[in-house]
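The values are calculated or read from the model by the stated rules, or taken from the named source; none is laboratory data. These numbers come from a predicted model, not from an experiment. Cβ atoms come from the backbone with ideal geometry, glycine included; neighbour counts cover every protein chain shown.
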Amino acid sequence: MSKHTYKIAALSLLSIFSNLHAAPSVYPTGVTRYDPAIAYNSYVLFSGQDKKTHLIDMNGNEVHRWDGEGFPPVLLDPALAGGKRGNVLLQLASVAGTSNEGNGLRNQAIGELDWDSKVVWQWGAAGAAQDVYAAPVEGKASPQVPGGSAKQHHDWRRLPSGNTLVLANLVHPVKGFAAPQVLDDVIYEVNQAGDIVWKWVASEHLNEFGFSAASLKLVKEGASPRGRNAPFDYLHVNNMSVLGPNKWFDAGDQRFNPDNILIDSREANFIIIIDKRTGKVVWSLGPDYPAQVRGQRVLPRAVDQITGPHDVHLIEPGLPGAGNLLVFDNQGEAGYPRVSVGVQPRSRVLEIDPLKKQIVWEYTGGDSNAPDWAFYSSFISSARRLPNGNTLIDEGMNGRIFQITPKGDIAWEYVSPYFAPTPVAGAGKAVLSNWLYRAQPVPYNWVPEGTPRSEHAVIPPELGKFRVATN
């Protein structure tokens, strides 16, 4: 067998270890299985715990690297980067710290880098790019940056206009909240000159999120788990996508205007569409759902309890399921009141008809001939539909990226080898982890011609017979 073959996978094994909170000290990393006959071939982009951004091929080879990270990194469609291939959105500078306090509060500057890591656009404190890159772009930092710090977190999107949507933090008192300071979520639209041309603040729309009176009371009475002086992160919005062209708007449904914005709240369990013109919520799912029924797999069916969701977006035109919502349903504890998945934690990826509000496809660990708990990430993570109908999934808590067929067969699997001490995984205490926030599939023609790639099958051995060699 090849060297790649012995980097095994049996991902379900890694997932089970993580879910039982008693992981072994040694397990394989890199590509652990790959079937070119059923996989969709592309590059994959992610930021590792080494604080660098990696572009890998289907055999896990690093074909390019940027010496900085993104929250998340976004490799731009050349159509959104003036035709340039390989441009990426990354953080440029952050304040040193020992935790991830405030999601984006340490994030000082963000920007666009080209393939050679030259900063071609930035938004943040003047000269902040010097903290990571030797040559900041002069005159590109805008006085419009609130407080001189970008505070970007969890998402950002380049628009066809050349402007950039930025999801950021805003710390301020909010009337009616018991907490003296709230860690609010704000969306800025920033033009190429760095000016804010549109702004949306979550707390100004609190009564549009679908909370019952009892739930809203719990929201307002909440406090930060990090103490009275820390701002209360009451929504923790972790995703922001632009609807883009879709069949619902083409059929006359104005709620699905391509300019409108889709977000989800990890803490409150809701998904909403924001009307870009008015700022109003025009479509919502949650925060209250029917309870899940164990073993209920009949499809389609009404959307049942979603908990702590991530990466919600509309599947793009031309892809299988176009127009439906795709969301990573973490099933991590969240909600007002709190909802927990119970004794057997497991995550799901859901495809939802947004008009009927029905689940039309789902993935759980059981679809890969494993226990449901073999697939679980209580926080972070993502899922993206691929042109051949497969879905690329980032099981972020375990640093695992894998690609499944519509039936749940694993076509490709990769475990991040980039470990580092991180307080995120240790509730404030730095512990060794390879957690991975989001993974982006990158078409071959989005990067410069001549970028190498490898597509050799990786066949995992029979799990029960794999052994580490001894002397």
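List of remarks:
- Strands (runs of 3 or more DSSP E) enclosed by the range 335-434 - at least 1 residues per element that are charged (D, E, K, R): 348-353, 358-363, 382-385, 391-395, 400-404, 410-415
- Within the range 242-265, residues that are more than 17 Å from W200 (Cα to Cα) and surrounded by 17 or more Cβ atoms within 10 Å (Cβ to Cβ) reach partners that are modelled with pLDDT of 95 or more and of a type in the set (G, A, S) with beta carbons closer than 7 Å, at six or more positions or on different chains, in the pairs N246/G323; W248/G323.
- In the range 375-397, residue farthest from R266 (Cα to Cα) [restricted to those that are surrounded by fewer than 24 Cβ atoms within 10 Å (Cβ to Cβ) and over 14 Å from the mean Cα position of the chain (by Cα)]: N388
- Residue in the range 224-245 that is modelled with pLDDT of 95 or more, of a type outside the set (D, E) and more than 25 Å from the chain's Cα centre (by Cα) present: no
- The range 361-372 residues that are among the aliphatic types (A, V, I, L, M), paired with ones that are buried (at least 18 other Cβ atoms within 10 Å of the Cβ) and part of a helix (DSSP H, G or I) (beta carbon under 7 Å, 6 or more apart): A370/S12
- Residue within the range 309-327 that is buried (at least 19 other Cβ atoms within 10 Å of the Cβ), free of Cβ contacts under 8 Å to residues at least 40 places away in the same chain, touching a helix residue (DSSP H, G or I) at 6+ places or on another chain (Cβ under 9 Å) and on the phi < 0 side of the Ramachandran plot present: no
- Residue satisfying all of: in the range 405-429; among the hydrophobic types (A, V, I, L, M, F, W, C) and under 20 Å from T29 (Cβ atoms); surrounded by the most Cβ atoms within 10 Å (Cβ to Cβ) among these: W412
- Hits in the range 276-333 (condition: modelled with pLDDT under 95 and within 23 Å of I187 (Cβ to Cβ)): none
- Tallying residues that are aromatic (F, W, Y) and within 24 Å of P371 (Cα to Cα) within the range 402-450 yields 5.
- Condition check for G82: on the phi > 0 side of the Ramachandran plot and modelled with pLDDT of 95 or more: yes
- Residues located in the range 273-291, provided they are more than 23 Å from the chain's Cα centre (by Cα), part of a loop (DSSP other than H, G, I, E, B) and over 16 Å from V341 (Cα atoms): R277, T278, G279, K280
- Count - residues of the range 444-467 that are within 21 Å of P387 (Cα to Cα) and either touching a Pro at 6+ places or on another chain (Cβ under 7 Å) or part of a helix (DSSP H, G or I) (or both): 5
- Output for the range 1-58, where each listed residue is hydrophobic (A, V, I, L, M, F, W, C), modelled with pLDDT of 95 or more and not in a loop (DSSP other than H, G, I, E, B): V31, V44, L45, F46, L55, I56
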